[in-house]
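Undergrad: Just dropping this structure here.
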Amino acid sequence: MHYHQYYPVDVVNGPGTRATLFVSGCEHQCPGCYNQSTWRLDGGKPFDEAMSDRIIGDLKDSRIKRRGLSLSGGDPLHPANLSQVLALVKRVRAECPGKDIWCWTGYLLGELTPAQCELVALLDVLVDGKFEKGLADPGLLWRGSSNQIIHDLALWRAQQGERIPCQVCS
């Protein structure tokens, strides 16, 4: 996996102060996407253990309290990114208790593969759906177009149990 950009302090991509990783690789290539530079799988820099360590260190840093991790791109749920994003998410869950994890994807929640569902099951919030230029609205919070849905998976689990609303996983 490659990543395009990492922001150790971010207040735009989710609530509160966060660490945000923009992975490389997106097969959706939505017209009007603001982040076209992340589309190529081999773009940016290789994601390695040092970057994973940095993210964990930043999330644990008490000088700048971060609410959690945001994963964007590109697309964190791109099949080529799944194994390393899953490993990072599992590490955040194990080493940074109390931190929430948000993820943006062009895939729809109800159409995810079993491998994608395995990752999504560990998230607190998933923002799904392709960016639709005709539905773009700069006034929307945490999404670019009105077709995109913010799924509060932590709330879902609290109300419904551990199963997420994923057709493949249900």
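The values are calculated or read from the model by the stated rules, or taken from the named source; none is laboratory data. Here the structure is a predicted model, which is why all the values come from computation and not from measurement. Note: ideal-geometry Cβ built from the backbone for every residue, glycine included; neighbour counts use all protein chains shown. Areas reflect the complete protein model, heavy atoms only, side chains present, ligands, DNA and RNA absent. Shrake-Rupley method; radii C 1.70, N 1.55, O 1.52, S 1.80 Å.
Undergrad: Report, by residue number, each residue of segment 31-63 that is open to solvent by less than 70 Å² (accessible area, probe 1.4 Å), touching a strand residue (DSSP E or B) at 6+ places or on another chain (Cβ under 8 Å) and touching a residue at least 40 places away in the same chain (Cβ under 8 Å).
TA: GLY32, GLY43, GLY44, PHE47, MET51, ILE55, ASP58, LEU59, listed by residue number.
Undergrad: Quickly run through segment 61-74 and pick out the residues that are in contact with a Phe, Trp or Tyr (Cβ under 8 Å, 6 or more places away or on another chain) and either assigned to a loop (DSSP other than H, G, I, E, B) or not hydroxyl-bearing (Ser, Thr, Tyr) (or both).
TA: GLY68, LEU69, LEU71, GLY73, GLY74, listed by residue number.
Undergrad: Is it true that some residue in segment 40-60 is part of a helix (DSSP H, G or I) and within 25 Å of PRO138 (Cβ to Cβ)?
TA: No, segment 40-60 contains no residue that is part of a helix (DSSP H, G or I) and within 25 Å of PRO138 (Cβ to Cβ).
Undergrad: Where residues in segment 17-30 are in contact with a helix residue (DSSP H, G or I) (Cβ under 9 Å, 6 or more places away or on another chain) and among the polar types (S, T, N, Q), which of them is surrounded by the most Cβ atoms within 10 Å (Cβ to Cβ)?
TA: Per the stated criteria, the residue is SER24.
Undergrad: Test THR105 against the stated conditions and say whether it is in contact (Cβ under 8 Å) with a residue 24 or more places away in the chain, within 25 Å of ILE149 (Cα to Cα) and in contact with a Phe, Trp or Tyr (Cβ under 6 Å, 6 or more places away or on another chain).
TA: No: the conditions fail for THR105.
Undergrad: Name the residues in segment 1-37 that are among the hydroxyl-bearing types (Ser, Thr, Tyr) and over 13 Å from the mean Cα position of the chain (by Cα), would you?
TA: TYR7, THR17, TYR34, SER37
Undergrad: Now for a different question. Just to be sure, is VAL127 assigned to a helix (DSSP H, G or I) and either in contact with a Ser or Thr (Cβ under 6 Å, 6 or more places away or on another chain) or within 19 Å of THR20 (Cβ to Cβ) (or both)?
TA: For VAL127, the condition - assigned to a helix (DSSP H, G or I) and either in contact with a Ser or Thr (Cβ under 6 Å, 6 or more places away or on another chain) or within 19 Å of THR20 (Cβ to Cβ) (or both) - is not met.
Undergrad: Separate question: Any idea which of (1) buried (at least 17 other Cβ atoms within 10 Å of the Cβ); (2) at pLDDT 95 or above; (3) not in a strand (DSSP E or B) is the one SER83 doesn't satisfy?
TA: Looking at each condition in turn, SER83 falls short on (1).
Undergrad: Report yes if LEU119 is crowded, with 22+ Cβ neighbours inside 10 Å, in a helix (DSSP H, G or I) and not charged (D, E, K, R), otherwise no.
TA: So LEU119 passes the test.
Undergrad: Mind listing whichever residues of segment 130-158 are part of a loop (DSSP other than H, G, I, E, B) and among the acidic types (Asp, Glu)?
TA: Listed by number, the residues that qualify are GLU132, ASP137.
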